[in-house]
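Student: My questions all concern the structure below.
The values are calculated or read from the model by the stated rules, or taken from the named source; none is laboratory data. This is a predicted model, so every value here is computed, not measured. Methodologically, a virtual Cβ is constructed for each residue, glycine included, from the backbone with ideal geometry; neighbour enumeration extends over all protein chains shown. Quick note on the areas: whole protein, heavy atoms, side chains included, nothing else; ligands and nucleic acids left out. Shrake-Rupley method; radii C 1.70, N 1.55, O 1.52, S 1.80 Å.
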There are 2 protein chains.
Amino acid sequence: MRNFNFYSPTEFVFGKDTENRCGECVKKYGGTKVLVHYGSGSVVRSGLLDRVCASLKEAGVEYVMLGGVQPNPRDTKIYEGIELCRRENVDFILSVGGGSCIDSAKGIAIGVLYDGDFWDFYTKKTTVTKALPIGTVLTIAAAGSEGSPSSVVTKEEGMLKRDVGSDLIRPRFSILNPALTETLPPYQTACGATDIMAHIFERYFTNTPEVEVTDRLCEGLLLTMVKETPRVIEDPHNYEARANIMWAGTVAHNDIVGVGRSQDWNSHMIEHELSGLYDCAHGAGLAVVMPAWMELVYKHDVMRFAQVATRVWGCEMNFQNPEVTAVEGIKAFRRFLHSIGMPINFEELGAKKEDIPVLVEKLGIGDGKTGGFVELTRDDIVKIYTIAAEAKLD
Amino acid sequence: MRNFNFYSPTEFVFGKDTENRCGECVKKYGGTKVLVHYGSGSVVRSGLLDRVCASLKEAGVEYVMLGGVQPNPRDTKIYEGIELCRRENVDFILSVGGGSCIDSAKGIAIGVLYDGDFWDFYTKKTTVTKALPIGTVLTIAAAGSEGSPSSVVTKEEGMLKRDVGSDLIRPRFSILNPALTETLPPYQTACGATDIMAHIFERYFTNTPEVEVTDRLCEGLLLTMVKETPRVIEDPHNYEARANIMWAGTVAHNDIVGVGRSQDWNSHMIEHELSGLYDCAHGAGLAVVMPAWMELVYKHDVMRFAQVATRVWGCEMNFQNPEVTAVEGIKAFRRFLHSIGMPINFEELGAKKEDIPVLVEKLGIGDGKTGGFVELTRDDIVKIYTIAAEAKLD
């Protein structure tokens with residue numbers, strides 16, 4: 001196991017009706033004037049925004065509102081938020097929404113206190129040294145941004161997707177009410193579940209030996225997702241299944257199951273160009289990319305792939321030929337994704353095979369290699385996009 | 001799943017040579033004058049205390065020292081610590097040792113800032129509203145106190161063992177270097193491992209339905225302990241196995257695997273009287289009590305016991321008679337404890353069957369019932385002690 005630091009100071013307030021406690025939470029963490037940041041009309045229609053505002057009022061906390069965050073959140077909304085916060089002397093940002101909304105809030109939080117262009121943080125021109133405190137009321141189990149130190153934002157000009165990470169943008173509190181996710185369409189629910197599973201796999205595929213404890217924790221989370229996801233696809237109002245998925249999503253991404261080991265993250269990187277170019281859901285892009293990535297790299301560590309196949313997918317171990325088991329596990333993953341309504345190839349995603357050169361170009365690795373479980377060249381990435389483009393069930 | 005709050009703000013600094021960073025950590029969390037609190041001569045002999053002091057000096061942090069904390073830490077040492085801290089204007093407590101040392105540090109931390117007798121917190125006469133900040137350098141994977149909000153202390157007069165809990169006594173940072181545990185005798189290593197497994201089981205046996213995610217995480221930790229513990233008993237210098245156990249021990253007790261579900265803790269309560277009366281190791285007491293508790297209560301939820309038997313102990317599920325599987329799992333647990341050198345009955349522990357009335361009396365539940373997975377009466381507890389007294393391998 002490698003040396004590591006683990007720090008996850010976010011307070012998670014989990015369960016039914018917990019959104020009514022957001023005013024009290026903001027106050028506890030020192031907020032006096034809040035930016036309520038949200039996305040689409042659904043939080044308005046469902047009455048959630050009203051309940052949030054009522055809770056703030058009850059706690060005697062002032063607020064201003066900024067809605068309209070889009071999925072794959074844009075830099076333009078962040079500039080708007082920064083200006084509003086400065087004008088209104090906002091000292092706390094409350095995100096009411098999913099990962100996109102939280103990531104947008106994180107961008108605003110670091111931008112408000114920075115003299116230059118906030119995009120500098122995402123291009124790594126500068127690093128985060130201060131940020132406004134953030135709280136969240138989560139409406140979809142997916143990105144894990146409610147407990148993570150990272151933010152992914154898309155620059156509209158050129159649709160460039162870039163990320164930033166800092167402990168300073170970890171939310172002070174996150175309110176997780178699984179009931180709020182019951183109104184999500186099945187497709188979005190499945191996209192969220194896929195994103196959660198991808199966060200686990202990115203950590204699971206490691207070259208660090210002797211990491212039994214995090215292996216086992218990752219497998220425990222995957223087994224949970226395999227059991228609970230079909231239940232919420234079948235019955236969106238299954239609160240208990242939603243609750244298990246929601247906690248799995250948070251634990252999957254606060255890194256308690258990923259510490260002390262090398263991680264991969266190439267599937268995320270490769271997917272970002274898909275959702276960047278086609279504006280598709282990140283989870284749907286991952287459903288297409290991740291099994292393709294597995295097919296390209298599994299020979300690098302057949303026994304690790306056989307391990308996940310037997311422990312998570314219930315495949316019987318082929319002791320004469322472990323590769324058979326490894327491949328069965330990848331097929332089982334793709335079948336699972338299909339069963340919950342996810343796309344499994346470019347056509348189903350709405351992507352085009354002929355765009356592969358554009359996708360690879362935008363990734364911008366040139367003649368270099370990526371890091372991760374297996375270092376990928378430009379050619380490898382072309383192969384992964386090609387497998388993803390043509391994938392079928394079998 | 002139940003509603004819950006989860007909050008674990010401790011920074012964990014994990015890996016080789018990390019004790020050399022304790023000065024920097026104390027400074028980061030605002031300490032200027034430190035009480036270095038430690039237990040036995042082993043931290044002196046191993047040179048650890050010298051390295052800790054050198055790190056403090058290098059960071060320009062002043063310190064005073066207080067050694068001599070005993071296992072099952074005593075109130076007398078805490079009174080001594082409180083006086084020393086007040087006299088020397090200490091503003092940070094650094095515990096260098098195991099769970100006993102950390103629990104003693106926590107007692108001092110709340111006592112220094114309280115006008116009355118610190119024991120008031122342990123008898124629940126008053127609640128914690130402030131505490132000095134604490135940091136730890138852990139020397140045994142066991143109690144989980146390095147990431148927990150609780151402290152257990154023994155009042156010498158009457159050997160009463162009582163506990164207190166508050167987020168205010170969670171360590172600000174904990175330094176976890178698995179190599180520091182390599183010098184532990186096998187018996188203490190096994191006691192620590194047993195304590196860790198007990199912390200998981202206390203959470204695992206629940207009456208809350210639909211807790212797949214925490215079930216699976218608990219099972220993942222148990223599987224880790226079953227694999228790694230025999231490796232460190234065989235070879236005390238197996239760093240990798242020690243590292244897996246150490247992280248499992250922390251995760252087992254910061255409650256990330258226990259949230260949203262009712263928990264038990266009767267085995268801990270029943271054990272406390274054993275280590276209180278005989279001053280035996282807490283882990284050794286648990287090895288004797290926990291399987292006995294399981295034998296008394298398993299009929300309350302045969303399927304849950306069958307689940308852990310198949311998923312953790314690798315027993316084959318008996319679909320015609322799940323009770324057979326449930327009982328096999330308990331036997332497998334006791335065999336495992338024996339295999340790592342733990343006592344399995346009163347004689348091996350150094351306890352006496354004729355003391356059972358004294359033990360039950362000290363528990364002080366009178367004609368009432370305990371809470372937990374199964375509510376226990378005084379008679380039930382007599383039965384558990386009796387099973388524990390007479391247990392054999394089979």
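Student: Which of the numbered conditions does A:THR370 fail, given that it passes all the others? Conditions: (1) surrounded by fewer than 18 Cβ atoms within 10 Å (Cβ to Cβ); (2) of a type in the set (Val, Ile, Thr); (3) at pLDDT below 95.
Tutor: Failing condition for A:THR370: (1).
Student: May I ask you to list pairs of residues, at least six apart or on different chains, whose Cβ atoms are under 8 Å apart, with the first in region B:4-16 being facing another protein chain (nearest Cβ under 7 Å) and the second being assigned to a loop (DSSP other than H, G, I, E, B) and among the small types (Gly, Ala, Ser)?
Tutor: As it stands, the answer is B:PHE4/A:GLY15; B:PHE4/B:GLY260; B:PHE14/A:GLY260; B:GLY15/A:GLY260, since those pairs meet every condition given.
Student: Further, regarding this structure: Which of the following residues is of a type outside the set (Asp, Glu) and within 12 Å of A:THR136 (Cα to Cα): A:VAL44, A:VAL13, A:VAL61?
Tutor: The conditions single out A:VAL13.
Student: If you take the residues in region B:261-271 that are part of a helix (DSSP H, G or I) and among the hydrophobic types (A, V, I, L, M, F, W, C), which one is farthest from B:HIS338 (Cα to Cα)?
Tutor: Selected residue: B:MET269.
Student: Among the residues of region B:225-244, how many are at the interface with chain A (Cβ under 10 Å from one of its Cβ atoms) and either among the hydroxyl-bearing types (Ser, Thr, Tyr) or open to solvent by less than 10 Å² (accessible area, probe 1.4 Å) (or both)?
Tutor: Going through region B:225-244 one residue at a time, the tally reaches 6.
Student: For region B:39-56, give me each residue that is open to solvent by 40 Å² or more (accessible area, probe 1.4 Å) and in contact with a helix residue (DSSP H, G or I) (Cβ under 7 Å, 6 or more places away or on another chain).
Tutor: Going residue by residue through region B:39-56, those that are open to solvent by 40 Å² or more (accessible area, probe 1.4 Å) are B:40, B:42, B:44-46, B:50-51, B:54.
Passing the criteria: only B:ARG51.
Student: Here is a list of conditions, (1) under 30 Å from A:PRO209 (Cα atoms); (2) touching a His at 6+ places or on another chain (Cβ under 8 Å), and B:ILE245 meets all of them except one; can you say which number that is?
Tutor: With respect to (1) under 30 Å from A:PRO209 (Cα atoms); (2) touching a His at 6+ places or on another chain (Cβ under 8 Å), B:ILE245 is out only on (2).
Student: Give me the residue from region A:246-267 that is at pLDDT below 95 and open to solvent by 10 Å² or more (accessible area, probe 1.4 Å) and, out of that set, farthest from the other protein chains (Cβ to nearest Cβ).
Tutor: For region A:246-267, the residue satisfying everything is A:HIS253.
Student: So if I check each of A:THR194, A:THR189, which one is open to solvent by less than 20 Å² (accessible area, probe 1.4 Å), more than 21 Å from A:SER95 (Cα to Cα) and in a helix (DSSP H, G or I)?
Tutor: From the options A:THR194, A:THR189, the qualifying one is A:THR194.
Student: With respect to B:VAL211, determine if the residue is at the interface with chain A (Cβ under 9 Å from one of its Cβ atoms) and touching a residue at least 60 places away in the same chain (Cβ under 8 Å).
Tutor: Criteria met by B:VAL211.
Student: Let me ask you something else. Condition (residue is of a type in the set (D, E, K, R) and more than 26 Å from A:GLU202 (Cβ to Cβ)) applied to region A:173-187: is it met by at least one residue?
Tutor: Initially, region A:173-187 is screened for residues of a type in the set (D, E, K, R), giving A:182.
Cutting the leftovers down to more than 26 Å from A:GLU202 (Cβ to Cβ) gives us A:182.
Looking for residues that are of a type in the set (D, E, K, R) and more than 26 Å from A:GLU202 (Cβ to Cβ), one finds at least one in region A:173-187, hence yes.
Student: Moving on to the next point. Could you list all residues from region A:165-186 that are of a type in the set (Val, Ile, Thr) and open to solvent by 10 Å² or more (accessible area, probe 1.4 Å)?
Tutor: A:THR183
Student: Quick one: would you say A:LEU168 is over 26 Å from A:GLY31 (Cβ atoms), under 19 Å from the mean Cα position of the chain (by Cα) and either within 13 Å of another protein chain (Cβ to nearest Cβ) or not hydroxyl-bearing (Ser, Thr, Tyr) (or both)?
Tutor: No.
Student: For the subset of region B:197-217 comprising residues that are closer than 17 Å to B:SER262 by Cβ and open to solvent by 30 Å² or more (accessible area, probe 1.4 Å), which member is nearest to the chain's Cα centre (by Cα)?
Tutor: Among those residues, the one meeting the criterion is B:ASN207.
Student: Continuing with this model, one more query. Examine region B:272-288 for a residue that is away from every other protein chain (no Cβ under 14 Å), crowded, with 22+ Cβ neighbours inside 10 Å, among the hydrophobic types (A, V, I, L, M, F, W, C) and outside any helix (DSSP H, G or I), and state whether such a residue exists.
Tutor: Yes: one or more hits.
Student: How about region A:206-219: which of its residues are part of a loop (DSSP other than H, G, I, E, B) and in contact with a helix residue (DSSP H, G or I) (Cβ under 7 Å, 6 or more places away or on another chain)? Full working, then the answer.
Tutor: Filtering region A:206-219 for residues part of a loop (DSSP other than H, G, I, E, B) gives A:206-211.
Scanning region A:206-219 gives a single hit, A:GLU210.
Student: Shifting gears a bit: Mind counting the residues in region A:140-151 that are surrounded by fewer than 24 Cβ atoms within 10 Å (Cβ to Cβ) and not in a loop (DSSP other than H, G, I, E, B)?
Tutor: 1
Student: Let me ask something additional. Determine which member of the set A:GLY68, A:GLY47 is more than 14 Å from chain B (Cβ to nearest Cβ) and farther than 26 Å from A:GLU240 by Cα.
Tutor: A:GLY68
Student: While we're here: Confirm whether B:GLY99 is of a type in the set (Gly, Ala, Ser), in contact (Cβ under 8 Å) with a residue 24 or more places away in the chain and surrounded by fewer than 24 Cβ atoms within 10 Å (Cβ to Cβ).
Tutor: It is false that B:GLY99 is of a type in the set (Gly, Ala, Ser), in contact (Cβ under 8 Å) with a residue 24 or more places away in the chain and surrounded by fewer than 24 Cβ atoms within 10 Å (Cβ to Cβ).
Student: What pairs can you find where one residue is in region B:244-263 and more than 14 Å from A:LEU217 (Cα to Cα), the other is among the β-branched types (Val, Ile, Thr) and open to solvent by less than 10 Å² (accessible area, probe 1.4 Å), and their Cβ atoms are less than 6 Å apart, with a gap of 6+ or different chains?
Tutor: B:ARG261/B:THR206; B:ARG261/B:VAL211; B:ARG261/B:THR214; B:SER262/B:THR206
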